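The values are calculated or read from the model by the stated rules, or taken from the named source; none is laboratory data. Please read all numbers here as calculations on a predicted model, not as lab measurements. No Cβ is skipped: glycine too gets one built from the backbone with ideal geometry, and neighbour counts run over all protein chains shown.
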Amino acid sequence: MARIKSTLEIALERAEALGSSRKDLERAEQEEMEGKARGWLLELKEKRAEASELEDRLEPLPADRRPVMRRMLLRAALEAINPAGGNEVVFDLWRRLAPAELKRRIESVQPLLDLGRQAIRDLVAKVLAEARAELAQAGISGSAVEPNVWVLPGFSDRLLDVEKEQSRRLQSFRRNLDAALD
């Protein structure tokens, strides 16, 4: 025989159902805002918008959503930091939107990026010197002899190691700054 549910059990089930749909609604809203933040950042990077325009776009948002969208924009900007350079847009956005105590911290990533690029230049110089020495030992020399580092055995693996280390440092920086946003 079927069990008869009490009014309380029915009410609790309905509340639970509403709660989960409320969670789904909040999750969908969060995803929508994250997508909007990434889209705004893309417009900025593609020079279809200025950082001041993004600030203006925050104004019509409900007061409780402005700080959330600001954090999402800053997080999207953190993820957009390119180790190869060209981060002026990201830094400008941080200078405009970040809380005062975090504005200085974003500037500390530049020496980190410079260090990574210098490590790659040093690796290329070292591999070229090694290759030239090997060629000289084989009796091959001259001003027209220039080894191609990309085809030298082991260069790709060594470069990958340097890039992994740079990526690890950058991820650590991002995590620290991201945690400070909350």
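Brief remarks on what is shown
- Selected residue (criterion: nearest to GLU32 (Cα to Cα)) from residues of region 92-104 that are surrounded by fewer than 17 Cβ atoms within 10 Å (Cβ to Cβ) and among the hydrophobic types (A, V, I, L, M, F, W, C): LEU102
- Among (1) in a helix (DSSP H, G or I); (2) under 13 Å from the mean Cα position of the chain (by Cα), the one test that ASN82 misses: (1)
- Residue check, SER143 exposed (fewer than 12 other Cβ atoms within 10 Å of the Cβ) and modelled with pLDDT of 90 or more: no
- Of all the listed residues (PHE173, PHE155, PHE91), the sole one being within 25 Å of LEU44 (Cβ to Cβ), outside the structural domain of LEU58 (by TED's automatic domain parsing) and aromatic (Phe, Trp, Tyr) is PHE173.
Results for (1) more than 20 Å from GLU50 (Cα to Cα); (2) touching a Leu at 6+ places or on another chain (Cβ under 7 Å); (3) of a type in the set (Phe, Trp, Tyr), shown as yes or no for each residue.
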residue	(1), (2), (3)
GLY86	no, no, no
ALA98	no, yes, no
LEU113	yes, no, no
ARG121	yes, no, no
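- Some residue of region 10-23 being among the acidic types (Asp, Glu), modelled with pLDDT under 80 and at negative phi: yes
- Any hit, region 146-161, residues being in a helix (DSSP H, G or I), among the aliphatic types (A, V, I, L, M), surrounded by 10 or more Cβ atoms within 10 Å (Cβ to Cβ) and touching a Pro at 6+ places or on another chain (Cβ under 8 Å): no
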